1. Let me spell out the model: positive unit charges on the Cβ of Lys and Arg, negative unit charges on the Cβ of Asp and Glu, origin at the Cα centre of the stretch 1-62. What dipole size does that give, in debye rounded to 20?
2. Would you mind estimating how fast the chain diffuses translationally, via Stokes-Einstein at 20 °C and 1.002 mPa s with the Kirkwood radius over Cα pairs, in µm²/s?
3. Can you put Leu89, Leu26, Leu36, Leu31 in order of accessible area, largest first, using a 1.4 Å probe?
4. I'd like to check one number: the per residue accessible area of the stretch 46-118, probe 1.4 Å, reported in Å² as a whole number.
5. What's the magnitude of the charge dipole for the chain around its Cα centre, counting Lys and Arg as +1 and Asp and Glu as -1 at the beta-carbon? Answer in Debye, nearest 20.
6. Of all the accessible heavy-atom surface of the stretch 1-87, with the other protein chains kept in place and a 1.4 Å probe, what percent is carbon and sulfur?
Amino acid sequence: MIENTVDVNTGTVPVRATMPNSDEMLWAGTLVTVQLSFREEEAIVVPPNAVQVSQTGSFVFVVRNGAANVKPVKVARVIDAQAVIESGLEGGELVVTEGHLQITEGSRVSVREPKAGF
């Protein structure tokens, strides 16, 4: 059962459930953290920092043959540090995530490995 109230101090929602406990790890009244997945879907996702906004709408820079190309996209939503792309990308494209201010259509770009800790 999912409660219809949110604890304003913690931002949590109480959920009550019955589950197998054959190894007796849980005791009655034990609090646990759960994550519910209401649906799963196939989607094209990119890091949110890849999506840029202009006067004409959202876009990403797609790297093809070492050059950046502007590709208009429509973002459906951002979930868990991933922007779900509704339209504009086919999937599998290499997108620019840093240095957008230095890039224009057709700029030569090179792929860099992420630094440790980032």
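The values are calculated or read from the model by the stated rules, or taken from the named source; none is laboratory data. Every value quoted in this text rests on a predicted model; they were computed, and no experiment measured them. Every residue, glycine among them, receives a Cβ derived from its backbone with ideal geometry; neighbour counts consider all protein chains shown. Calculation scope for accessible area: heavy atoms of the full protein, side chains included, ligands and nucleic acids excluded. Shrake-Rupley method; radii C 1.70, N 1.55, O 1.52, S 1.80 Å.
1. Dipole of the stretch 1-62, to the nearest 20 debye: 200 debye.
2. Reported coefficient: 118 µm²/s.
3. Reading off the accessible areas and sorting them downward yields Leu31, Leu36, Leu26, Leu89.
4. It amounts to 71 Å² per residue over the stretch 46-118.
5. So the magnitude is around 540 debye.
6. Answer for the stretch 1-87 is 53 percent, counting heavy atoms of protein chains only.
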